[in-house]
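Taking it in order: structure first as structure tokens, then the write-up.
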Number of protein chains: 2
Amino acid sequence: MNVLFDTSLFLPAIPYPDWLRRKMGEIQGVCMSSVEERLLFVHALAEQNVSEHTGSPFGAAVFHGRTHELVGVGVNQVIQANQSFAHAEMMALANAHDRLQVAELTDYELVSSCEPCVMCTGGFLWSKVRTLIYGEPGTTARSIGFDEGDKPANWEALLRQRGLQVLGPFPSEQGKRPFSLYKASQGKIY
Amino acid sequence: MNVLFDTSLFLPAIPYPDWLRRKMGEIQGVCMSSVEERLLFVHALAEQNVSEHTGSPFGAAVFHGRTHELVGVGVNQVIQANQSFAHAEMMALANAHDRLQVAELTDYELVSSCEPCVMCTGGFLWSKVRTLIYGEPGTTARSIGFDEGDKPANWEALLRQRGLQVLGPFPSEQGKRPFSLYKASQGKIY
């Protein structure tokens with residue numbers, strides 16, 4: 001096979017799924033003041049990604065650290081975009097970088113529906129986001145066959161030693177539902 | 001600040017720097033049969049990224065595991081793209097996913113100019129690429145102030161336990177030169 005280099009791009013644009021594009025029109029500039037509200041928002045993203053058949057059961061968002069204004073969203077798009085890095089956290093961070101046009105998200109926080117994998121833990125670190133909040137523990141993802149990769153056992157302590165805040169897990173029924181829906185729909189595990 | 005959600009994209013396209021777009025026209029379909037040739041290629045990418053002032057001293061590429069045909073390239077574009085995930089390895093993998101239009105790069109290998117950070121180690125794992133070859137040890141990057149994040153001390157053994165091949169480091173003068181050039185040009189460390 002001869003792969004032709006016929007484009008001028010490293011990476012083509014990754015579009016929102018249609019349901020998320022519609023949703024973004026409704027929630028621009030919204031602030032979510034409580035941790036619970038922010039977690040329910042990312043769990044709802046994860047659930048809709050499954051129910052709309054646009055990806056796997058993971059959602060994430062970036063908020064301003066003080067006003068809690070929503071500045072970026074993400075749902076897992078690995079299969080849809082044919083991009084293995086397109087985890088919910090990476091998409092939310094990329095979305096926030098794009099909207100804010102800054103390479104360092106120092107004043108922001110990342111909220112994820114589930115404990116981040118090794119790649120997303122690194123993505124959080126390099127984004128310069130100061131706070132990570134996550135809902136379900138990694139065991140919820142592993143229970144239906146997903147893998148987190150090999151993080152150091154004390155990954156949270158190591159991030160805290162760098163002056164970062166890590167809050168979680170906050171397990172909940174709303175957090176588990178996207179995973180059970182995905183399993184019931186026989187969604188692809190990768 | 002009220003951030004307007006006025007686009008329909010998670011992530012806009014990331015273009016090649018001009019010099020790399022020109023270079024890609026010359027090397028489409030090329031095969032590089034020796035590890036040394038492949039490492040010299042990624043070191044040259046890293047060096048040109050510095051000398052052209054288009055980013056930091058990191059280069060990477062994806063090759064077919066048997067024919068060693070080049071199927072994707074990457075240079076660090078964190079500052080240029082305002083995207084903290086845009087490390088050379090992540091760009092090379094994203095480029096290969098795009099060109100091949102597959103979410104799993106099972107038959108391919110990733111060659112990086114330097115030991116991958118925690119994020120890129122995870123990116124390698126999720127890409128399903130079978131082999132990682134890297135040139136400079138992490139100490140070369142750390143010597144001018146770059147950080148790899150917190151990988152498990154036995155990160156290579158953990159990848160090998162998953163059946164993946166990890167070859168490196170292969171330190172060299174050509175591998176160190178992009179870093180000394182970057183330091184001499186007072187390039188941004190982040």
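The values are calculated or read from the model by the stated rules, or taken from the named source; none is laboratory data. The structure presented is a predicted model; accordingly, all values stated were derived computationally and were not measured. All Cβ positions, even for glycine, are placed from backbone atoms using ideal geometry, and neighbour counts span all protein chains on display. The accessibility values were calculated without ligands, DNA or RNA, using every heavy atom of the protein model including side chains. Shrake-Rupley method; radii C 1.70, N 1.55, O 1.52, S 1.80 Å.
The table for this structure:
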{"read-out": "Residues with amide H under 5 Å from that of A:Phe58, placed H, sequence gap 5 or more", "value": "A:Asn76"}
{"read-out": "Whole-Å semi-axes of the ellipsoid equivalent to segment A:68-119 (Cα gyration tensor, √5λ, descending)", "value": "19, 13, 10"}
{"read-out": "Exercise: per-residue mean of other protein chain Cβ atoms within 10 Å, A:120-133", "value": "5"}
{"read-out": "Cα gyration tensor of the protein assembly as shown - equivalent ellipsoid semi-axes, whole Å, descending", "value": "32, 21, 21"}
{"read-out": "Euclidean distance between Cα centres, segment A:165-190 to segment B:107-145, Å", "value": "30"}
{"read-out": "Cα-based radius of gyration of chain B once divided by 2.2 N^0.38 Å, which approximates compact folds", "value": "1.00"}
{"read-out": "The protein assembly as shown, dipole about Cα centre (Lys/Arg Cβ +1, Asp/Glu Cβ -1), debye to the nearest 20", "value": "180"}
{"read-out": "10 Å Cβ neighbours from other chains, averaged over peptide A:15-21", "value": "3"}
{"read-out": "Probe 1.4 Å, accessible area per residue of segment A:6-155, Å²", "value": "31"}
{"read-out": "Chain A - percent of accessible surface contributed by carbon and sulfur, probe 1.4 Å", "value": "50"}
{"read-out": "Pair-distance profile P(r), taking every C-alpha pair of segment B:108-190, with 10 angstrom steps and integer %", "value": "17, 50, 27, 6, 0"}
{"read-out": "Structure-based [θ]222 nm, the protein assembly as shown - -39500 (n - 2.57) summed over DSSP H runs of at least 4, per residue, nearest 500", "value": "-11500 deg cm²/dmol"}
{"read-out": "Listed residues A:Ala86, A:Gly175, A:His97: farthest to the positive end of the dipole of segment A:57-190 (Cβ charges)", "value": "A:Gly175"}
{"read-out": "Position B:Gly25, label points 7 Å along Cα→Cβ, spacing to each other copy in nm (shortest first, one decimal)", "value": "4.1"}
{"read-out": "Inter-copy spacing of B:Ser180 label points, which lie 7 Å from Cα along Cα→Cβ, given in nm from shortest upward", "value": "6.2"}
{"read-out": "Segment B:23-107: C-alpha gyration tensor shape, a/c 1.5 cut-off, then a/b vs b/c", "value": "oblate"}
{"read-out": "Eligible lysines near A:Lys188 by straight Cα distance, threshold 24 Å, same-chain separation 8 or greater", "value": "A:Lys151, A:Lys176, B:Lys128"}
{"read-out": "Descending semi-axes in Å of segment A:27-70, equivalent ellipsoid built from Cα gyration tensor", "value": "22, 10, 8"}
{"read-out": "Segment B:1-105: trypsin sites (Lys or Arg not before Pro) in DSSP coil with no more than 14 other Cβ atoms inside 10 Å", "value": "B:Arg66"}
{"read-out": "Other-chain or far-sequence residues with amide H under 5 Å of A:Glu136's (modelled H)", "value": "A:Cys114, A:Glu115, A:Phe170"}
{"read-out": "Using a 7 Å Cα-to-Cβ projection, B:Glu36 label spacings across copies, nm, ascending", "value": "6.6"}
{"read-out": "Buried accessible area, chains B and A (both chains, 1.4 Å probe, Å² to nearest 100)", "value": "5800"}
